[in-house]
Amino acid sequence: MAQELNGEAANGESFERFLREAGEEAKGNEILKLFLQSWRLVRDLVGKRVAEVATLMETEERVVNVEMLYMPESLKNRIIQEENGKDVVLVMSKKIGKTDLNKNDNRLLIPWGNLRDYSFLNQEEKTILDSQKGAKKGIEVSVIPPSLESNVKLKLKKWKTGYCLTEKWHSLVVNNQENGLEMGVTVNLWSFRNNSSELCFALQKC
């Protein structure tokens, strides 16, 4: 009987039907009953693990940068689950400087020297920002602030010294004490795409 069961599983035939028929045949045979119970347990464990791996693979398909593995779960859930984000990239890691907090400057600078990955922009966005008019006007982007409160709308622009998030940066992000932005605080800037493939960012306070 055990040999038949092994052959049935190996051939990929109806496992549940075979177990049911084998159970009827096992009347009074305690050893065979235990054997069948073990098979059911193994089947359930394997099925559960396959489902877990499938879910993990689905999530990892969205992850571009391995550094996302070190992203706080709260931010990861916000991007992946709430925002349906994909193509996640760590754009920059740096310490907040004086000018990043200055109301008159009103921008978060992304210096060339701190830029970790250029792939966060698609070709159309690169073309816009590389043009004189586009660099000045910028691209409207949605940004998740460190507090994980409602997204804020900012502009991504290109300067000689790097990219920058500007327009309402000071009033919507710096002025909000919940974001906790101070001199010397290290931040990570992540980019991702929403359901409409629009460029979005998330600012993480480290």
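The values are calculated or read from the model by the stated rules, or taken from the named source; none is laboratory data. Owing to the predicted nature of the structure, the values given are computational and were not obtained by experimental measurement. Cβ atoms come from the backbone with ideal geometry, glycine included; neighbour counts cover every protein chain shown. When the accessible area is computed, the model is the full protein with side chains, heavy atoms only, and any ligands, DNA or RNA have been set aside. Shrake-Rupley method; radii C 1.70, N 1.55, O 1.52, S 1.80 Å.
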Open item on the list: Between Thr186, Thr99, Thr161, Thr166, which is within 29 Å of Asn77 (Cβ to Cβ), assigned by the TED database to the domain that holds Glu82 and more than 23 Å from the chain's Cα centre (by Cα)?
Closed with: Thr166
TODO: Please give the strands (runs of 3 or more DSSP E) falling wholly within region 131-180 in which 3 or more residues are more than 21 Å from Val91 (Cα to Cα).
DONE: none
Open item on the list: For region 189-206, give me each residue that is over 12 Å from the mean Cα position of the chain (by Cα) and either assigned to a loop (DSSP other than H, G, I, E, B) or at pLDDT below 95 (or both).
Closed with: Asn195, Ser196, Ser197, Glu198, Cys206
- [ ] Could you please find all residues in region 96-112 being within 18 Å of Pro146 (Cα to Cα), of a type in the set (D, E, K, R) and assigned to a loop (DSSP other than H, G, I, E, B)?
- [x] Arg107
Task: Meets criteria (in contact with a helix residue (DSSP H, G or I) (Cβ under 6 Å, 6 or more places away or on another chain) and either under 18 Å from Pro72 (Cα atoms) or in contact (Cβ under 8 Å) with a residue 24 or more places away in the chain (or both)) for Ser147 - done: yes
Open item on the list: Go through region 70-112 and report how many residues are under 18 Å from Lys157 (Cβ atoms) and at pLDDT below 95.
Closed with: 0
Open item on the list: Name the single residue that is most open to solvent (accessible area, probe 1.4 Å) among those in region 160-196 being among the hydroxyl-bearing types (Ser, Thr, Tyr) and under 18 Å from Asp117 (Cα atoms).
Closed with: Thr161
